[in-house]
1. Quick check on the stretch 142-283: take the gyration tensor over C-alpha atoms, sort the square-rooted eigenvalues as a ≥ b ≥ c, and tell me if it's rounded (a/c under 1.5), prolate or oblate.
2. Would you work out the charge dipole size for the stretch 187-263 about its Cα centre, treating the Cβ of every Lys and Arg as +1 and the Cβ of every Asp and Glu as -1, and quote it to the nearest 20 debye?
3. Need the list of lysines near Lys98 for cross-linking: C-alpha distance under 30 angstrom, and skip anything on the same chain fewer than eight residues off.
4. Which one, Gly72, Gly18, Gly103, has the greatest fluctuation when you compute a Gaussian network model over the chain with C-alpha springs under 10 angstrom?
5. What is the distance in Å between the Cα centroid of the stretch 95-134 and that of the stretch 15-40?
6. Take the alpha carbon gyration tensor of the stretch 239-283, find the square roots of its eigenvalues, order them as a ≥ b ≥ c, and report rounded if a/c is under 1.5; if not, report prolate when a/b exceeds b/c, else oblate.
7. Return a whole-number percent for the relative contact order of the stretch 131-267, with Cα pairs under 8 Å and 6 or more residues apart as the contact set.
8. Taking 8 Å as the Cα distance limit and 6 or more residues as the minimum spacing, I'd like the relative contact order of the chain as a percentage.
Amino acid sequence: PNYILNGNDGGINISSDGGVNWSNAAHIPATQFYEIGLDANNPQKLYGGAQDNGTNRTQDGGLSNWQTIFGGDGFYVIVDYTNPNIIYAESQNGNLGKSIDGGFSFDFALNGIDGDEPANWSTPIVMDPLTPTKLYYGTNFLYRTTNGTSSWTKISPALTDWVTGSRLGTVTTIAVAPTNTNVIYVGTDDAHIWVTTNNGTNWTEISDGLPERWVTRVVVDPSDENIVYVTYSGLKWRDPQPHVYRSTNKGSSWTDISGNLPDAPVNAFAVDNNFSNVLYLGS
């Protein structure tokens with residue numbers, strides 16, 4: 001009776017002394033990764049934010065040498081592509097930390113973000129593709145830092161329909177066009193999609209004709225700022241259908257490219273950096 005198995009939202013734990021001490025079950029692939037991060041200077045160094053298992057990494061791509069570098073539920077993790085010692089890691093509801101020593105210690109990185117604004121369980125944070133000290137962060141507004149998170153500035157009007165107490169009304173995805181970083185796209189959990197073409201001075205909603213669903217990803221073609229993709233999850237609407245749309249004119253019109261995908265929400269999406277007609281999708 002001293003041998004206890006405990007199944008929980010972080011995996012499986014085992015005690016052989018009646019619950020005094022617990023260990024993880026080895027070799028059971030129960031980890032759910034919300035987001036994956038890569039070190040651009042070392043593609044073997046992999047990072048991931050995991051449900052109830054924090055932010056984890058392997059420094060050489062190994063299977064058995066992963067270490068936890070940030071706690072809580074792990075979400076977005078970004079490694080500065082010019083300095084791998086600078087790492088941004090996030091836990092649930094947008095709690096963001098910054099490390100300048102390769103992930104051994106983290107400091108609070110939300111100076112200027114209004115804590116009374118709603119933040120998604122998986123709050124998006126992205127790094128500008130040309131300027132690593134410039135990052136974007138979403139509540140029901142979009143924020144930008146130009147000094148590596150020393151301070152944040154709000155650069156948009158309210159982008160959602162959030163009202164106090166509502167469970168919906170947060171930014172869920174941000175995309176900066178690599179070919180023109182003045183072009184920024186934003187999607188929300190209450191079905192809004194927005195674009196600015198002048199670095200946040202003006203915003204245009206481009207959601208007409210698209211589903212009333214949770215926007216999971218907005219992704220810009222790496223070679224063309226006009227081509228943009230949007231994906232959806234309909235779980236809150238009991239809708240299992242895949243929803244993938246493509247625009248070639250910055251969202252002025254959209255084409256459904258869901259094709260023969262199986263009935264499952266789409267959670268992840270990417271355009272190949274070298275062959276932009278090759279698309280990757282996770283459901």
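The values are calculated or read from the model by the stated rules, or taken from the named source; none is laboratory data. Keep in mind it's a predicted model, so treat the numbers as computed, not measured. Heads up, the Cβs are rebuilt from the backbone with ideal geometry, glycines too, and the neighbour counts pull from every protein chain shown. Just so you know, the surface numbers come from the protein's heavy atoms only, side chains and all, with ligands and any DNA or RNA stripped out. Shrake-Rupley method; radii C 1.70, N 1.55, O 1.52, S 1.80 Å.
1. Oblate.
2. My answer is approximately 120 debye.
3. The qualifying lysines are Lys45, Lys134, Lys154.
4. Greatest mean-square fluctuation among the candidates belongs to Gly18.
5. What the calculation gives is 25 Å, centre to centre.
6. oblate
7. Values: 339 pairs, mean separation 20.2, N = 137.
Relative contact order, the stretch 131-267: 15 percent.
8. 8 percent
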